[in-house]
Amino acid sequence: MSISNNQIIDRLGSCNTLSWKAPSNIALIKYWGKKDFQIPANSSISMTLNNCYTNCIMEFIASDNFSVSLEFENKSDDSFLKKVTKHISRIAKDFPVLKSFSYTFKTSNTFPHSAGIASSASSMAAINLCLTELLVKLDEVPNEDFFRFASDHARQGSGSASRSLYGGFVDWGATSNDYGSVQDNIHEDFIDMGDAVLIVDSGVKEVSSSKGHQLMMSHPQREERFSAANAKTKKMIEILKDGDWNSFIPLLESEALELHGLMMSGTPWFILMKPETLALLDLFKKWRNENSVRAAFTLDAGPNIHLLYHKDERDRVLAFINEQAISHLENEQWIDDKMGMGPEKVIIQ
Ligand code: DP6
């Protein structure tokens, strides 16, 4: 049942702005392939980041004419605006009251736009935290289920965003296909893990993730991949709880290469790694094995490398970057990140 304008005014009082910051995440076992509407073909698990996040301010005013305007880093962005408008219209099928407002979104990222880091997870998470908080204020969503609803809404905007609603390690598809779920009791050897993101190429990817998911659904190895990925997610959760770095390294690395192998063995095939990606992976493997460092790489759907490392290995990893990796990086760029605690509400004065 839809609520009246008077009820809206009663419930919101003078509140006309909500703001959240939400982090990006890096998948350890990857979501690659989706069925129906934004349902993952296999389960995935990620680590939430700390320094790479999106800030979102949502201003809203009750209106008979639903409208959305948006600024990304103080500039208009038509394709993002279209995506957000379509997204709100979709969520409004379950919560029609969302169409009773005019919205203005102002979003910005803490990571450079040109760093080749996907921002859809953090931006969809931040936007949906604002929208879901509005629904809580309107008594449409129970406060105790706030993050679950926010994750479900974020998932509908971008699958990986479902995992950006919580800190630490988060699965999507192992506990529920509709929302991300935090994994508790992680071993201290994986807590506060570092993530050095080595920027090899910041250009626009030849094939978007959305297209990649679609191609995966006609891949000759899809069924084997989906069941193997489900088993790998379970295994990864066990490893994180046991603190088993010896098993973590091969599982993380073979999963990253499997993702890229699937891209290369599909029809049409595509390659997102660059020559410098391969050069760096070679250097890293040699250095890690010679020095027995608790560090491992993973790759997103792109050429940049995430080096995940035990918090006590930071000095050695920084030495590797500065002495060996730096000359292979685009403009010597890398992002110094680590495990994060999840989104934060921003209080507007
Ligand atoms: C390789 O979440 O960006 O990063 O649901 O179409 O928005 P959409 O896709 P998206 O895909 C992410 C793919 C990945 C792996 C992962 O994050 O699990």
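The values are calculated or read from the model by the stated rules, or taken from the named source; none is laboratory data. Nothing here was measured: the structure is a model prediction, and the numbers come from that model. Here Cβ is always computed from backbone atoms with ideal geometry, including for glycine, and neighbour counts include all displayed protein chains. With ligands, DNA and RNA removed, areas are computed over all heavy atoms of the protein, side chains included. Shrake-Rupley method; radii C 1.70, N 1.55, O 1.52, S 1.80 Å.
Table for the structure above
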item: Members of the stretch 264-299 that are open to solvent by 20 Å² or more (accessible area, probe 1.4 Å), part of a loop (DSSP other than H, G, I, E, B) and touching a His at 6+ places or on another chain (Cβ under 7 Å); result: MET273, ARG294
item: ASN143 being at positive phi and more than 15 Å from the chain's Cα centre (by Cα); result: no
item: Hits in the stretch 207-227 (condition: within 15 Å of the ligand (Cβ to nearest atom) and either in a loop (DSSP other than H, G, I, E, B) or hydrophobic (A, V, I, L, M, F, W, C) (or both)); result: VAL207, SER208, LEU215, MET216, MET217, HIS219, PHE226
item: Some residue of the stretch 114-125 being within 16 Å of the ligand (Cβ to nearest atom), at pLDDT below 95 and either more than 26 Å from ALA229 (Cβ to Cβ) or of a type in the set (Lys, Arg) (or both); result: yes
item: Residue, surrounded by the fewest Cβ atoms within 10 Å (Cβ to Cβ), within the stretch 20-39, restricted to residues that are among the basic types (Lys, Arg) and not in a loop (DSSP other than H, G, I, E, B); result: LYS35
item: Test: residue in the stretch 186-206 that is without any contact (Cβ under 8 Å) to a residue 40 or more places away in the chain and either touching a strand residue (DSSP E or B) at 6+ places or on another chain (Cβ under 8 Å) or within 16 Å of the ligand (Cβ to nearest atom) (or both); result: yes
item: The listed residue being open to solvent by 20 Å² or more (accessible area, probe 1.4 Å) and within 13 Å of the ligand (Cβ to nearest atom), out of SER164, SER160; result: SER160
